[in-house]
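For reference, the structure discussed in these notes is given below.
The values are calculated or read from the model by the stated rules, or taken from the named source; none is laboratory data. Values in this document were obtained by computation on a predicted structure and should not be read as measured data. All Cβ positions, glycine included, derive from the backbone under ideal geometry; neighbour counts span all protein chains shown.
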Amino acid sequence: MRILIIDQDLQAIKHLEKLLSEIIPEMKISGRCRDIKTARQWLQKNQLPDLIFSVIELPDGLSFDIFNNLKKKPPVIFIGEYEKYAIDVFKANGIYYLLKPVKKEELTESLNRYETFFSSMKRETTIKPATITGKVSYQERFLVTIGRQMKLVLAEEVAYFFTENKIVYLVTFQHVKYNTGFTLERLEQQLNPSLFFRINRQFIINISAIVKLLPASKSRMQVVLKPETIHDTITSFGRTGSFCNWMLGGFEMA
C-alpha cells in the first residue's frame, strides 16, 4: 500500500507513521507534503497513492482545496483538531475523519473502512469493466458521523430516510439513526428506484422495510415499517397509485 501524508507537523507525521507501521508493516510512505502547494505539485508529478492521510488545516488554507479539481480522486482519511469539520469531510467524500492526537484503535478502524471501500470498488471495476461506461449507477454507500468518527453505511442496510426539522436522517434495519447531510430530493435522484420509494413529503422507504399496509383516508395507505416509527407514514394522495405499482415491480394491481 502506497501512502501520501499531508501535514506540516513533523512530530505528528512520525507518530502516524509509527502507528501505520505497526498496523500494516507492508505499507510504504510514498511522499510527505507540508502545504497545499507542495501537495498539488506532488500529485501532478507522481502516480496517485493508494491512500492519503491529510490534515485539514494547512499553512496556506484548508486541504479540501487540494482535491476539488482532481479528475481522479484517491481515498482520503482526513485528520483534524476539531469535530466541526466532520460534515465538511463528509461533503468532500472523505472515507474517515480522525481527531488529533491519532489513536491506534481509531486509525485501525479507518484502515478497515478503507479496505471495505477499496475492495468493493476494485471488485466492481474488475468484474464489470465493459458495462461501466454509460451505465446508470446509484448511491450504494453513505458516510455518516458518530461523535469523533465516521461510519460507512450500505444502502441495503437502510430501512428508510426521513426528514425532521429540516434534517434528513437514515434509519438502519438495526434501528440506528444517522444524520445524512442530504435532502430527500437529492436522495430520490441517487437511490436505486427498484429498492427505494418516496411515499410522502417526509419519507423514502426501502421495500424490505414494509411490514404491512392499512387503509387510510382518501384512498391512501398507512405503511407500517420496520423498525417502527412515530412519524407519519401515510402515502401522499398523488403517490398512492405509483406506490402500488412500484411494490409490484411496475405491474398494475388487479
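Which numbered condition trips up Thr233, out of (1) surrounded by 14 or more Cβ atoms within 10 Å (Cβ to Cβ); (2) within 21 Å of the chain's Cα centre (by Cα); (3) hydroxyl-bearing (Ser, Thr, Tyr)? Evaluating Thr233 over (1) surrounded by 14 or more Cβ atoms within 10 Å (Cβ to Cβ); (2) within 21 Å of the chain's Cα centre (by Cα); (3) hydroxyl-bearing (Ser, Thr, Tyr) leaves (2) as the failure. Is it true that some residue in segment 73-88 is farther than 21 Å from Leu152 by Cα, outside the structural domain of Thr145 (by TED's automatic domain parsing), surrounded by 20 or more Cβ atoms within 10 Å (Cβ to Cβ) and in contact with a Leu (Cβ under 8 Å, 6 or more places away or on another chain)? No, segment 73-88 has no match at all. Just one of (1) touching a Ser or Thr at 6+ places or on another chain (Cβ under 8 Å); (2) touching a residue at least 12 places away in the same chain (Cβ under 8 Å) fails for Ser236. It is (1).
For every residue, the table says whether it meets (1) within 25 Å of Glu106 (Cβ to Cβ); (2) acidic (Asp, Glu); (3) at pLDDT below 90.
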| residue | (1), (2), (3) |
| --- | --- |
| Gln11 | yes, no, no |
| Asn46 | no, no, no |
| Ile56 | yes, no, no |
| Pro75 | yes, no, yes |
| Tyr82 | yes, no, yes |
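Note on segment 60-69: residues that are exposed (fewer than 13 other Cβ atoms within 10 Å of the Cβ) and either under 22 Å from Ala12 (Cβ atoms) or modelled with pLDDT of 80 or more (or both) total 1. Only one of the numbered conditions (1) farther than 27 Å from Ile207 by Cβ; (2) in a helix (DSSP H, G or I); (3) at pLDDT below 60 is violated by Arg123, and that is (1). In segment 211-235, of all residues being at pLDDT below 90 and in a loop (DSSP other than H, G, I, E, B), the one that is farthest from Phe197 (Cα to Cα) corresponds to Ala216. Residues in segment 26-73 that are touching a residue at least 60 places away in the same chain (Cβ under 8 Å) and touching a Pro at 6+ places or on another chain (Cβ under 6 Å): Leu51 alone. Somewhere in segment 148-168, is a residue more than 30 Å from Ser110 (Cβ to Cβ) and either touching a helix residue (DSSP H, G or I) at 6+ places or on another chain (Cβ under 6 Å) or at pLDDT 95 or above (or both)? Among the residues of segment 148-168, not one is more than 30 Å from Ser110 (Cβ to Cβ) and either touching a helix residue (DSSP H, G or I) at 6+ places or on another chain (Cβ under 6 Å) or at pLDDT 95 or above (or both), which makes the answer no. Residues that are farther than 23 Å from Phe67 by Cβ and of a type in the set (S, T, N, Q) within segment 4-43 comprise Gln11, Ser21, listed in sequence order. When the residues of segment 1-38 are filtered to those that are polar (S, T, N, Q) and in a helix (DSSP H, G or I), the one that is surrounded by the most Cβ atoms within 10 Å (Cβ to Cβ) is Thr38.
Scanning segment 39-59 for residues that are under 22 Å from Met1 (Cβ atoms), among the polar types (S, T, N, Q) and surrounded by fewer than 18 Cβ atoms within 10 Å (Cβ to Cβ) yields Gln44, Asn46, Gln47.
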